[in-house]
1. Would you mind telling me which numbered condition in (1) within 23 Å of residue 208 (Cα to Cα); (2) hydrophobic (A, V, I, L, M, F, W, C); (3) modelled with pLDDT of 85 or more residue 83 fails?
2. If you check 375, 379, 403, 338, which single one turns out to be modelled with pLDDT of 75 or more, more than 28 Å from residue 246 (Cβ to Cβ) and surrounded by 15 or more Cβ atoms within 10 Å (Cβ to Cβ)?
3. Among (1) outside any strand (DSSP E or B); (2) closer than 18 Å to residue 108 by Cα; (3) free of Cβ contacts under 8 Å to residues at least 60 places away in the same chain, there is one condition residue 186 misses while meeting the rest; what is its number?
4. Within 27 Å of residue 225 (Cβ to Cβ) and more than 22 Å from the chain's Cα centre (by Cα): does that describe residue 116?
5. Of the residues in region 1-53, how many are without any contact (Cβ under 8 Å) to a residue 40 or more places away in the chain and of a type in the set (A, V, I, L, M, F, W, C)?
6. Looking at (1) farther than 26 Å from residue 238 by Cβ; (2) at pLDDT 95 or above; (3) surrounded by fewer than 23 Cβ atoms within 10 Å (Cβ to Cβ), which is the only condition residue 95 fails?
7. What tally of residues in region 283-309 results from selecting those that are on the phi < 0 side of the Ramachandran plot and either among the basic types (Lys, Arg) or surrounded by fewer than 22 Cβ atoms within 10 Å (Cβ to Cβ) (or both)?
8. With 108, 76 as the choices, which residue is modelled with pLDDT of 95 or more, surrounded by 21 or more Cβ atoms within 10 Å (Cβ to Cβ), closer than 24 Å to residue 204 by Cα and not polar (S, T, N, Q)?
Amino acid sequence: MFLSHEVDPRSATAVVRSRLPRSVAGSLELAADLTRRGGAAPVPGAGSTADLWLALATLAAHDVGAARAVEPHLDATAILDQAREAGTVVLPTRASSADRFTWGVFAAEGPGAKLVAESAEPAEPAEPAEPAGSATAAGAGDDARTSWTLTGTKPWCSLAGVLDGALVTAWVGDERRLFAVDLRQPGVEVVPGAWHARGLVEIPSGPVTFSSVPATPVGEPGWYLRRPGFEWGGIAVAACWYGGAVGVAGALLRSAVARDPDPWLLRALGVVDERLGDARRALEEAAVAVDSGRAVGQEARLLAKRTRATVAHAAEDVLAAVGGALGPAPLASDPEHAKRVADLELYLRQRHASKDDASLGGAVRDAAVAAAGAAAAAAAPATTAAPTTSELPLRGGLATPDAPGTATRPAAGSTGSTSTAGIAPW
């Protein structure tokens, strides 16, 4: 996933390289062109995931804000493709007819803000739905005969004032469900004056209020979070972080080439090269896993957490190394570099730092415990019920199938270690 390597001229990356927009409007136009019929954007998991993520990284290296505008649209169209495969899509009328309908994805939650979906059965029987597989009513079942409205406030709605529509999560009872909504209809109001960021200034992401706004469901309740592509979309964001870090690193490389560098600048350049390599390899491995069909279920969750953590930490190290080596001058005198740094620093905060590191650790442990349970089940005699993972004792933080039936402390002088062959996730 080297940003400078040659690519197929028909690929999404080649299209991005030929366009490199300088405005939000240009970015959204590019996004729509990539996903229109015959467009170059691949569907994640269909064999060209690396090209999709490389295109996003290339765009972010050019301008993090441009990637921040394009990525949600690509994510939304991928979600809709998955939903069509499941036969659960009823799109808003304008989205079905507009040639360049631009999408966002509004799925964040926040304190004091809640969006609720309410349904109402029609008084008269609905007209027969379009045949299964159609673009607007693919196997929608009862939802084709049910009207839905959204009421409440949704936080963190990026570019809501300029997008055509969005895929929005809303509460239906105690569960969240995904809905497609036309943002250009009455009842949708972007809360003014809510975006004061110094990074991603052109991507306002404040709250939006909905007042009985018609919407159409996408998937069953809970489908949005359970589908395999949920984790893949999170890795696509990490590809943008990687591209943004490459853009920031460019200032350091140019400085090293333009003058005789001191040892400290060379050290910083070495650190940057190392960390960008870590991020690049993590994304390449993730793309292979997604396209091979392995990135589903628990493995997908672990892969996404691991890849996002690797890329985020690498990007943070790049920011620190470049800033330390170049000092304040480029931040004060180079507007493009200053924007890249501010944009990337804010974008990285989409990840929840130490909280997500702890979540990754939990996922690693869960994978090891599950593997230990499977090993125990395979080793147990056919007449003996295999212990559940919850019954397995812990040694050194890993559940082991060969231990006694109750947890034990290591003997005096023992390290307490045990072989993790077959169950360690590394």
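The values are calculated or read from the model by the stated rules, or taken from the named source; none is laboratory data. From a predicted model like this one, the values you see are computed outputs, not experimental measurements. FYI the Cβ positions are ideal-geometry reconstructions off the backbone, even for glycines, and counts take in every protein chain you see.
1. Condition not satisfied by residue 83: (1).
2. On the way: 379 fails: surrounded by 15 or more Cβ atoms within 10 Å (Cβ to Cβ); 403 fails: modelled with pLDDT of 75 or more; 338 fails: more than 28 Å from residue 246 (Cβ to Cβ).
Testing whether each residue is modelled with pLDDT of 75 or more, more than 28 Å from residue 246 (Cβ to Cβ) and surrounded by 15 or more Cβ atoms within 10 Å (Cβ to Cβ) leaves just 375.
3. Among (1) outside any strand (DSSP E or B); (2) closer than 18 Å to residue 108 by Cα; (3) free of Cβ contacts under 8 Å to residues at least 60 places away in the same chain, residue 186 violates only (2).
4. yes
5. Adding up the residues that qualify gives 4.
6. For residue 95, the exception is condition (2).
7. Initial filter on region 283-309 (on the phi < 0 side of the Ramachandran plot): 283-292, 294-296, 298-309.
In the following step, the residues that additionally are either among the basic types (Lys, Arg) or surrounded by fewer than 22 Cβ atoms within 10 Å (Cβ to Cβ) (or both) were identified as 284-285, 288-289, 291-292, 294, 296, 298-299, 301-302, 305-306, 308-309.
Here the count works out to 16.
8. Numbers: 108 fails: surrounded by 21 or more Cβ atoms within 10 Å (Cβ to Cβ).
It is 76.
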